[in-house]
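Have a look at the structure below before the remarks.
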Amino acid sequence: MEERQLVVFRLHNEEFGVEITKVREIIKPRHITRLPHVNDYIEGVTNLRGEVIPVICLRKRFGISAQENTQDTRIIILEVNENRVGFIVDAVTETLRLPESSIEAPPSSIAGLKSDYLAGVGKLDDRLLILLEVDKILSTEEKIQLQTVQSEIAPSEE
């Protein structure tokens, strides 16, 4: 039986899932250097073992009001179009296997999100998991902006 392995996280009152193969690591919030002239949901960049990684607040990206970090807040480092990007989430709750048969095509919008970001909706007992298409969370323009930011502040290779 075909199934997807997911990392499940919480944002506001919704549960989301991303494919485990896209997740590089999950870290606690750390120092983030703010950047001028970027969209408000781009929190800035952080240095993870010498690699400069842009950090995005998923709450702001999805139009949910921001909140203070709690002891459950995490940054999920995801592989997005061959770049690593950190996404701040309210909590990472579990990893699970979801049979393909319990995944439905995404509705045109759910929880205010455009269907572009959605890979589907997973049904698990009485829960609904919003499955995200991580490569589409950022538009092409935003990816270019992040790459520019990364290249401007990355240590030079001289």
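The values are calculated or read from the model by the stated rules, or taken from the named source; none is laboratory data. If you're wondering where the values come from, they're calculated on a predicted model, not measured in any experiment. Positions of Cβ are backbone-derived with ideal geometry, glycine not excepted, and every protein chain shown enters the neighbour counts.
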Inset, instruction - Would you mind finding the one in 40, 90 that is farther than 21 Å from residue 128 by Cα and either in contact with an Asp or Glu (Cβ under 8 Å, 6 or more places away or on another chain) or of a type outside the set (Val, Ile, Thr) (or both)? - result: 40
Inset, instruction - Taking the options 64, 53, name whichever one is touching a residue at least 24 places away in the same chain (Cβ under 8 Å) and crowded, with 20+ Cβ neighbours inside 10 Å. - result: 53
Legend entry - Single condition residue 63 does not satisfy, out of (1) modelled with pLDDT of 95 or more; (2) of a type in the set (Gly, Ala, Ser); (3) more than 23 Å from residue 4 (Cβ to Cβ): (1)
Inset, instruction - Kindly check whether there is at least one residue in region 24-41 that is closer than 28 Å to residue 123 by Cβ, surrounded by 13 or more Cβ atoms within 10 Å (Cβ to Cβ) and hydrophobic (A, V, I, L, M, F, W, C). - result: yes
Legend entry - Which listed residue is within 28 Å of residue 3 (Cα to Cα) and not in a loop (DSSP other than H, G, I, E, B), from 76, 56: 76
Legend entry - Residue check for residue 10: farther than 29 Å from residue 151 by Cβ, within 14 Å of the chain's Cα centre (by Cα) and surrounded by 12 or more Cβ atoms within 10 Å (Cβ to Cβ): yes
Inset, instruction - Report, by residue number, each residue of region 94-103 that is surrounded by 15 or more Cβ atoms within 10 Å (Cβ to Cβ) and part of a strand (DSSP E or B). - result: 96, 98, 103
Legend entry - Where residue 35 falls short, out of the listed (1) modelled with pLDDT of 95 or more; (2) part of a loop (DSSP other than H, G, I, E, B); (3) touching a Gly at 6+ places or on another chain (Cβ under 6 Å): (1)
Legend entry - Residue selected from region 1-32 under the condition within 15 Å of residue 88 (Cβ to Cβ) and not in a strand (DSSP E or B), by the criterion modelled with the lowest pLDDT: 12
Inset, instruction - Restrict the check to region 68-76 and report whether at least one residue is free of Cβ contacts under 8 Å to residues at least 60 places away in the same chain, more than 23 Å from residue 143 (Cβ to Cβ), among the hydroxyl-bearing types (Ser, Thr, Tyr) and surrounded by fewer than 20 Cβ atoms within 10 Å (Cβ to Cβ). - result: yes
